[in-house]
Amino acid sequence: MSRSVLSVCDLSADEIGAVLDRAQHTKNQGDGRGSQLSGKTGLLIFQKPSLRTRVSFELAVTNLGGRALYLSPPEVGIGERESPEDVGGVAGRYCDLIVCRTFEQSNLDRLAASSGVPVVNALSDWEHPCQALADVLTIREHGGTSGRTLAYVGDGNNVARSLAIAAAGEGMHVRVSSPAGFELDQASVSAATQRAQASGGSLTLIADPEEAVDGADVVYTDTWTSMGQEQEAKQRLEAFAGYQVDAGLVARASRGASVMHCLPAHRGEEITDEVLDGPQSVVLDQAENRLHAQQALLAWLFD
Ligand code: CP
């Protein structure tokens, strides 16, 4: 029975912990190559552009002894040229693993149901679980997770959703600060709260960004206009005014707090150059950790 990771909730808090322990071990080793994918092929189906996710997954498959095939946005047309079920069924006959970046989460669910091989969510409109794994690994490296406070300022989007659930499961006190109409959805609040109750963490929605960041150990933001939302850009710019992560906001956090962004950034919108390029920014560690976290996840899936 193949195991897929379509949502961060497909991994228990303990499983996330085990994958991240493994990622840290591999990273510390320097050359953490493995053979879990020896003789196997990983198919990367991407319906949106990518730098970090595409490169880190290709390297992860290769480092584990496998071969990576990449299909770019115009090539497959999940749900347009072919149904998700047909794409999954066919791809599963050729490949041992599918890594998929798509729009609707239902595309992933349907593709995975017919593929017969592990499917990993490389970002959907609903979740970005592999980003969350790298984010939590980065927080672990920069002061630790349990008992510390993470303030996410911005859109209650796919990145916020996966991050809140994963970080709450690690015992973090997670605050999510979004303007009206862009808050984290209730199902994700419930999932994060459930994990927090088991870990000693918490999840709080705080509309005021200054209050949310007050004394926080980590300040995180993401773009206000994600891929596929370009037609809403003007409306979003207006709605998110006051939610920019700038030096003034970061000064309210704890001394030496880490600043995080999953990238790509819209510089001058959700975050200023001064903060993104400043001494508290750990965004390049985050980007690097995509590789370590995903390689550990794939090794774990194929052990
Ligand atoms: N953070 C992230 O997913 O980056 P890419 O869109 O470049 O993959």
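Computed values, structure above
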| quantity | calculated |
| --- | --- |
| Segment 51-71, subset in contact with a Lys or Arg (Cβ under 8 Å, 6 or more places away or on another chain) and among the β-branched types (Val, Ile, Thr), residue nearest to the ligand (Cβ to nearest atom) | THR53 |
| Strands (runs of 3 or more DSSP E) (entirely within segment 37-128) containing at least 3 residues that are open to solvent by less than 20 Å² (accessible area, probe 1.4 Å) | 41-46, 97-101, 119-121 |
| All positions within segment 228-273 that are within 16 Å of the ligand (Cβ to nearest atom), open to solvent by less than 70 Å² (accessible area, probe 1.4 Å) and modelled with pLDDT under 95 | GLY228, GLN229 |
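The values are calculated or read from the model by the stated rules, or taken from the named source; none is laboratory data. All figures in this text were calculated on a predicted structure; none of them were measured in a lab. In this analysis, Cβ positions are derived from the backbone assuming ideal geometry, glycine residues included, and neighbour counts consider all displayed protein chains. The area values use the complete protein model at the heavy-atom level, side chains included, leaving out ligands, DNA and RNA. Shrake-Rupley method; radii C 1.70, N 1.55, O 1.52, S 1.80 Å.
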